[in-house]
Amino acid sequence: MPVRRTFVCTLAASMLALGALSMPSAQAQDFPSRPLRFVVPFGPGSGTDASARYFARKLQELTGQVVVVENRPGANGFLAVRQVLAAPADGYTVFIGSNSTLAVNAALFRQLPYDPTSDFAPLTMMMRAPAMIVVGPHAPHADLQGLLAHARAHPGQVNFGAGSAGYRLMGELLNDVAQVQTVHVPFKSAGETATAVAAGTVDYAFADVTAVQELARGGRLKILAVAADRRVGTSPEVPTTAEAGLPGFEAYTWVGAMVAGKTPAQETARLAEWFTAITMMDETRTFYERLGATPMTGGPAQMRDFQRDEIALWKRIVSQAKVPLQ
């Protein structure tokens, strides 16, 4: 049963780890001396984009330099990755990646055109947002246990919707933890998935908090559980999966910052220091709480460990569920 790494890290510890990388040179002390660029592999309005724009504003306040956010959606994040890796590795181009580009792709693609670990140097985790398990308003299942009991009684006959590869793998992870056999139905987005569940096209789905909260409040969806270790502040009435009778199942989307792996250590350390400081701000926690998310604290080493754990988890699930490689 998968174990989620908990990030509890003080800023002092992060700063100590960063200082161990190297003593800053005069060049690093002058960094940044011109505008920086954040490259986002999704369009405006996504959780990754919202994180990028918030961190860009805070980094601009800390450094006095303009930070420009560029959206490069499409091709499973490959366009954005290519743009970052083609830019000079000088610290002025930062990749704002997610669980899909930095972990899930490594599990799903037979020949990935980049290496999520060796091609990038981590700065810090930024946030995580739990998935919600939802059913239609007329579903006969009053709770998660009812849904799982129905799935066990009808193996292979219950289906779930997912608007991305990451959410699809969350569904396969649920099959593994709950020991049920359900069938994946793909959709193009979280919004499209939620609409299909509301219409009864699929039995249940995984979606992010922002995609389902308003539909639930309007009576168009029922949220059975949030796949997290604590309840979401914007939907305090929704139980966690453990409270709903399925301990050990948690599933999150997440966002993290990286630079090209060839970026000098001094510039990487300065950026990591600033990013880590932003994650520790009270304002950051408040910002993410409004989105039903939480900041993730910890520096480069913690992010690398987390990323490797995520890649290993999803590779296991892909193999076990016999998900076709792309």
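Taking the numbered list (1) in contact with a Leu (Cβ under 6 Å, 6 or more places away or on another chain); (2) under 28 Å from Thr234 (Cα atoms) in turn, Met281 passes all entries but (1).
Matching residues to (1) surrounded by fewer than 22 Cβ atoms within 10 Å (Cβ to Cβ); (2) within 25 Å of Ile311 (Cα to Cα):
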| residue | (1), (2) |
| --- | --- |
| Pro155 | yes, no |
| Gly163 | no, yes |
| Leu173 | no, yes |
| Ala178 | yes, yes |
| Phe187 | no, yes |
| Gly191 | yes, no |
| Ala198 | no, no |
| Ala205 | no, yes |
| Val209 | no, yes |
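Figure legend. Inter-residue proximity from segment 33-56: first residues assigned to a loop (DSSP other than H, G, I, E, B), second residues buried (at least 17 other Cβ atoms within 10 Å of the Cβ) and not polar (S, T, N, Q), beta-carbon distance below 6 Å, spacing 6+ or different chains. Indicated pairs: Pro41/Gly77; Pro41/Ala80; Phe42/Asp49. For Thr241, state whether it is surrounded by 24 or more Cβ atoms within 10 Å (Cβ to Cβ), under 20 Å from Ala50 (Cα atoms) and polar (S, T, N, Q). Against the criterion (surrounded by 24 or more Cβ atoms within 10 Å (Cβ to Cβ), under 20 Å from Ala50 (Cα atoms) and polar (S, T, N, Q)), Thr241 does not qualify.
Got a number for residues in segment 300-326 being in a helix (DSSP H, G or I) and either farther than 17 Å from Thr117 by Cα or among the aliphatic types (A, V, I, L, M) (or both)?
Within segment 300-326, the subset in a helix (DSSP H, G or I) is 300-321.
Checking which are either farther than 17 Å from Thr117 by Cα or among the aliphatic types (A, V, I, L, M) (or both) leaves us with 301, 303, 311-313, 316-321.
Looking only at that region, the number is 11.
Of the residues making up segment 144-201, those that are among the aliphatic types (A, V, I, L, M) and within 21 Å of Gly77 (Cα to Cα) number 5. Residues in segment 116-142 that are farther than 24 Å from Phe55 by Cβ and either crowded, with 17+ Cβ neighbours inside 10 Å or free of Cβ contacts under 8 Å to residues at least 40 places away in the same chain (or both): Met132, Ile133, Val134, Val135, Gly136, Ala139, Pro140, His141, Ala142. The strands (runs of 3 or more DSSP E) found wholly in segment 183-299 and carrying at least 1 residues that are touching a residue at least 40 places away in the same chain (Cβ under 8 Å) and farther than 20 Å from Ala165 by Cβ occupy 222-226, 252-260.
Can you give me the ranges of the strands (runs of 3 or more DSSP E) entirely in segment 59-167 with at least 2 residues that are within 15 Å of Ala260 (Cα to Cα)? If you could, list the steps in order and put the result at the bottom.
Values: elements: 67-71, 93-98, 120-135, 159-162.
Passing ranges, in order: 93-98, 120-135.
Only residues that are under 26 Å from the mean Cα position of the chain (by Cα) and either of a type in the set (Gly, Ala, Ser) or on the phi > 0 side of the Ramachandran plot (or both) were counted across segment 142-180, and they come to 9. Scanning segment 71-107 for residues that are among the aliphatic types (A, V, I, L, M), more than 20 Å from Pro35 (Cβ to Cβ), surrounded by fewer than 24 Cβ atoms within 10 Å (Cβ to Cβ) and modelled with pLDDT of 95 or more gives Leu79, Ala106, Ala107. Regarding Phe206, is this residue hydrophobic (A, V, I, L, M, F, W, C) and more than 30 Å from Ala86 (Cβ to Cβ)? For Phe206, the condition - hydrophobic (A, V, I, L, M, F, W, C) and more than 30 Å from Ala86 (Cβ to Cβ) - is met.
The values are calculated or read from the model by the stated rules, or taken from the named source; none is laboratory data. Because the structure is a prediction, the values reported are computed rather than measured. Note that we place each Cβ from the backbone using ideal geometry, even for glycine, and neighbour counts take in every protein chain shown.
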